[in-house]
Amino acid sequence: MTDAAAPTADRTPLATAVVLEAVQRIEAAGLLDDQAALQQAFRTRPTRAAQVAERGWLLGQRLGLPAELARWRHLGWWVVAALAVAMAFTGLGTARAVLGEGRSINAVAAFVSLLGLHAVMLAVWLLGLLFTQGRWAGPSLGRLALWLTARLPLDRGPHALTMLQAVTAVLQRQRLLAWLTGALSHGIWTLAFLIMLAVLAFGFAFHAYTLTWETTILSATFFQRFVHVTGALPALLGFPVPDAAAVQTVGNAGVRAWVDATSQREWAWWLMGCVVVYGLLPRLGLMVLSLLRWRAGARRLGAVDMADLYVRRIVARLDALEPPPQVIDPEHRATDLDQPTPSSAPPGAPGSLAVVGFELPPEMAWPIDGLPTGTLPPERIAGSARERQAVTTRLAQARPESLLLVVHATASPDRGTARFVREAAAQAGRTALLLAGEGGAALPEAAVQRWRAWLDAEGFEALAPVESAQAAMDWAASSHD
């Protein structure tokens with residue numbers, strides 16, 4: 001039992017998906033006592049997907065999982081700040097000559113020390129993103145930040161590691177792990193480079209440093225070309241770049257020759273400009289890109305995989321809570337609600353069409369793009385008994401020639417679906433079932449086969465299954481032939 005005063009995470013799509021995944025992992029050892037949560041979810045949510053998510057959230061609250069996520073959110077900022085400071089001073093420590101005694105700086109060695117580790121880790125992140133398409137985050141600072149946040153002992157709950165596994169699994173399935181850890185990693189590096197620049201600016205502003213280069217086997221031409229190439233982009237932003245004469249001059253500074261102060265300022269600005277252009281700006285840009293990709297993909301996290309075996313077991317238990325058929329009229333008993341008697345009135349005017357969406361996900365736009373335009377206003381119901389009855393009544397009054405029922409392709413049809421299909425189809429001359437996917441994407445073959453097998457098992461031989469909006473248009477147009 002968690003402390004009632006403990007903070008609770010907002011119920012975002014990510015929080016809902018992670019809590020549901022964590023509850024599923026906890027229940028791998030055996031189902032929890034969930035009768036109260038199951039009943040509450042059944043009463044308060046309209047669709048099976050929403051009921052499964054609600055049950056998981058209620059059980060997660062009992063286990064303290066949302067409070068654990070809230071702890072991560074508050075503690076995570078301190079972890080990010082600590083890692084940024086560590087990376088900043090690691091770079092500065094490696095380039096000790098920048099602030100070392102004697103105040104003589106090997107400029108090229110300082111360049112490599114300040115930007116070398118960043119370049120290696122950035123290359124690893126980009127290769128991981130390229131070859132795994134976002135499924136693997138690699139050994140990034142973002143992944144380390146998540147790991148530290150989950151493992152720090154400050155108010156850590158008993159399921160902290162399970163939550164870490166759940167976060168990883170959910171984001172890997174949606175190919176978002178690299179973008180989240182990338183946003184964290186690039187954010188840490190952005191903050192680290194800001195700290196580096198602040199320390200360099202302070203040191204160069206209030207101390208006199210001599211920047212030079214030293215070599216045993218390289219020529220002055222190499223250093224002239226190196227400074228020219230690396231200074232090209234900083235020069236576009238207005239940073240001064242030492243010319244060939246300045247490079248030659250500081251090369252001779254190894255024998256303690258006098259060096260012009262103006263030339264030294266150019267070297268200091270060149271070094272700081274390189275840190276800005278090759279360190280700060282790439283990390284800042286990639287952080288913004290990662291955040292945009294993360295925000296775009298996070299909208300998908302709220303969907304429940306109705307084909308998952310664990311979810312199907314929960315759905316079966318929810319189906320068992322459906323009330324049995326009841327008497328709806330003292331003088332006329334409903335003998336079989338699953339097989340209603342068709343209306344005796346003939347179908348309506350030729351070409352009349354009704355379109356009804358049944359138990360579609362809340363995030364799915366309605367009406368779906370490309371659907372045929374019905375002669376009746378398009379309907380959308382969540383699946384409650386009252387909604388089913390209202391739509392069936394309106395269909396019985398209109399008696400359309402054609403009825404197009406739209407369902408979610410990845411949902412699992414149940415007894416409630418069968419009941420509504422029979423009631424609605426009985427009021428139309430002919431009926432088709434459109435399997436709608438996410439954003440026009442191709443339908444999973446397993447989902448199509450599941451619906452076809454269900455249609456055969458329920459005896460819907462006369463019902464035409466269609467798998468795209470264009471197929472629905474063709475089916476609607478065929479009524480005129």
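The values are calculated or read from the model by the stated rules, or taken from the named source; none is laboratory data. Keep in mind the model is a prediction, meaning the values are calculated, not measured. Methodologically, a virtual Cβ is constructed for each residue, glycine included, from the backbone with ideal geometry; neighbour enumeration extends over all protein chains shown. When the accessible area is computed, the model is the full protein with side chains, heavy atoms only, and any ligands, DNA or RNA have been set aside. Shrake-Rupley method; radii C 1.70, N 1.55, O 1.52, S 1.80 Å.
I'm trying to understand the selection: among the residues of the range 22-46, which are under 27 Å from GLY416 (Cα atoms) and crowded, with 24+ Cβ neighbours inside 10 Å?
Those that are under 27 Å from GLY416 (Cα atoms) and crowded, with 24+ Cβ neighbours inside 10 Å: VAL23, ALA41.
Between a residue in the range 386-407 that is under 17 Å from PRO46 (Cα atoms) and any residue that is open to solvent by less than 40 Å² (accessible area, probe 1.4 Å) and not in a strand (DSSP E or B), which pairs come within a Cβ distance under 6 Å, given they are 6 or more apart or on different chains?
ARG388/PHE420
Of everything in the range 45-56, what is more than 18 Å from THR12 (Cα to Cα) and in a helix (DSSP H, G or I)? Give them in sequence order.
Once the filter is applied, which keeps residues that are more than 18 Å from THR12 (Cα to Cα) and in a helix (DSSP H, G or I), the range 45-56 yields only ARG48.
Filter the range 440-481 for residues that are farther than 24 Å from GLU423 by Cα, among the acidic types (Asp, Glu) and loosely packed, with under 11 Cβ neighbours inside 10 Å; which is modelled with the highest pLDDT?
Here the residue is GLU445.
Six or more apart or on different chains, Cβ atoms under 8 Å: show the pairs whose first residue is in the range 348-373 and closer than 27 Å to ARG48 by Cβ and assigned to a loop (DSSP other than H, G, I, E, B) and whose second is open to solvent by 60 Å² or more (accessible area, probe 1.4 Å) and polar (S, T, N, Q).
Listed pairs, sorted by first residue: GLY370/GLN470.
Which residues, taken from the range 130-154, are at pLDDT 65 or above and either on the phi > 0 side of the Ramachandran plot or open to solvent by less than 40 Å² (accessible area, probe 1.4 Å) (or both)?
Across the range 130-154, the qualifying residues are SER140, LEU141, GLY142, ALA145, LEU146, THR149, ALA150.
If I go through the range 360-390 residue by residue, how many of them are surrounded by 13 or more Cβ atoms within 10 Å (Cβ to Cβ) and in contact with a helix residue (DSSP H, G or I) (Cβ under 7 Å, 6 or more places away or on another chain)?
9
Give me the pairs, please: first residue somewhere in the range 271-293 and on the phi < 0 side of the Ramachandran plot, second residue anywhere and open to solvent by 20 Å² or more (accessible area, probe 1.4 Å) and at pLDDT 90 or above, beta-carbon distance under 6 Å, and either six or more positions apart or on two chains.
Cβ pairs passing all conditions: VAL277/LEU233.
Which of the residues that make up the range 243-274 are under 22 Å from VAL199 (Cβ atoms) and modelled with pLDDT of 65 or more?
Within the range 243-274, GLN264, ARG265, GLU266, TRP267, ALA268, TRP269, TRP270, LEU271, MET272, GLY273, CYS274 qualify.
Within the set of pairs 6 or more residues apart or between chains, which connect a residue that is open to solvent by 30 Å² or more (accessible area, probe 1.4 Å) inside the range 172-186 to a residue that is assigned to a loop (DSSP other than H, G, I, E, B) and of a type in the set (D, E, K, R) with Cβ atoms less than 9 Å apart?
GLN172/ARG135; ARG173/ARG135; ARG173/ASP305; ARG175/ARG135
List the pairs whose first member sits in the range 95-121 and is modelled with pLDDT of 85 or more, whose second member is open to solvent by 50 Å² or more (accessible area, probe 1.4 Å), and whose Cβ atoms are under 6 Å apart, counting only residues at least 6 apart or on separate chains?
Once the first residue is modelled with pLDDT of 85 or more and sits in the range 95-121, its partners that are open to solvent by 50 Å² or more (accessible area, probe 1.4 Å) give LEU115/TYR278.
Restricting to the range 391-415, name every residue that is open to solvent by less than 60 Å² (accessible area, probe 1.4 Å), out of contact with any strand residue (DSSP E or B) (no Cβ under 8 Å at 6 or more places or on another chain) and farther than 18 Å from ARG430 by Cβ.
Residues satisfying the conditions are THR393, THR410, ALA411, SER412, ASP414.
Residues to consider are THR431, THR410; find the one that is in a strand (DSSP E or B) and of a type in the set (Ser, Thr, Tyr).
THR431 is the lone residue from the list that is in a strand (DSSP E or B) and of a type in the set (Ser, Thr, Tyr).
Filter the range 399-417 down to the residues that are at pLDDT 85 or above and among the hydrophobic types (A, V, I, L, M, F, W, C) and list them by number.
Within the range 399-417, LEU403, LEU404, LEU405, VAL406, VAL407 meet the criteria.
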